[in-house]
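Asker: Shown below is the structure under consideration.
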Amino acid sequence: MMMNISRLKYRVEVLSDQDGIKRYGPFNEQKAREFFEVEESLGGTARIARLEEGIRETWKVITECGDWGDRERGPPEAMKAEAQPR
C-alpha cells in the first residue's frame, strides 16, 4: 500500500542538551502529536511545526512545550504568523 506523502506535513523539533535542534519527521498530524506528547511527558523541550504551502513553503510552529527562550524561532514568516498582541 502506497503512503500518501502529501499528508506528511508535520515535524517535531526537540531541543537537545547541546542547544541544537533535532528535527524528526515528516509525520501526519496524529503521529506528530503522539511523538510530541512523549517528549512533553518526559519534561522535554519540543514543538510541532506544520508545513505551510504558498509561494514559498515555510514551517509554522503550532504548539510547543518547555522553555525555548530566544532560540531559533524559524523564518520571519513563521514568527509573524505566531505573533500575538500583548
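Where a number appears in this text, it was derived from the coordinates with a stated rule and is not lab data. Given the structure is predicted, the values throughout are model-derived calculations rather than measurements. When we count neighbours, we look across all protein chains shown, and the Cβ atoms used for this are built from the backbone with ideal geometry, even at glycine.
Asker: Under a plain spin-label model, where a point goes 7 Å from the Cα along Cα-to-Cβ, how far apart in nm are R50 and I21?
Answerer: 1.8 nm
Asker: So between E40 and N28, what do we pick up on full extension, going 0.36 nm a residue minus the alpha carbon distance?
Answerer: Once the chain is fully extended between E40 and N28, it gains 2.5 nm.
Asker: Still on this structure: When the Karplus curve 6.51 cos²θ - 1.76 cosθ + 1.60 is applied with θ = phi - 60°, which whole-Hz ³J(HN,Hα) does each residue of the stretch 50-55 get, with x for Gly and Pro?
Answerer: 10, 6, 9, 9, x, 4
Asker: Can you list residues whose amide H is under 5 Å from I62's amide H, if they're 5+ apart or on another chain and H is modeled 1.01 Å from N?
Answerer: Result for I62 returns I48, A49, R50.
Asker: Fully extended, how many nm does the chain gain between W68 and L8 (0.36 nm per residue separation, minus their Cα-Cα distance)?
Answerer: Gain in length upon complete extension: 19.1 nm.
Asker: Sum up the charges of everything whose Cβ sits under 12 Å from the Cβ of L8, counting Lys and Arg as +1 and Asp and Glu as -1, but leave L8 out.
Answerer: Residues close to L8 contribute a combined charge of +4.
Asker: If you don't mind, there's one more thing I want to ask. Kindly write out, for the stretch 29-37 in residue order, the coupling ³J(HN,Hα) from the Karplus curve 6.51 cos²θ - 1.76 cosθ + 1.60 (θ = phi - 60°), rounded to whole Hz, with x marking Gly and Pro.
Answerer: Result, rounded to whole Hz: 4, 4, 5, 4, 5, 5, 4, 4, 5.
Asker: Between beta-carbons, use under 12 Å as the cut-off and find the net charge around E40, counting Lys and Arg +1, Asp and Glu -1.
Answerer: Around E40, the charge tally is -2.
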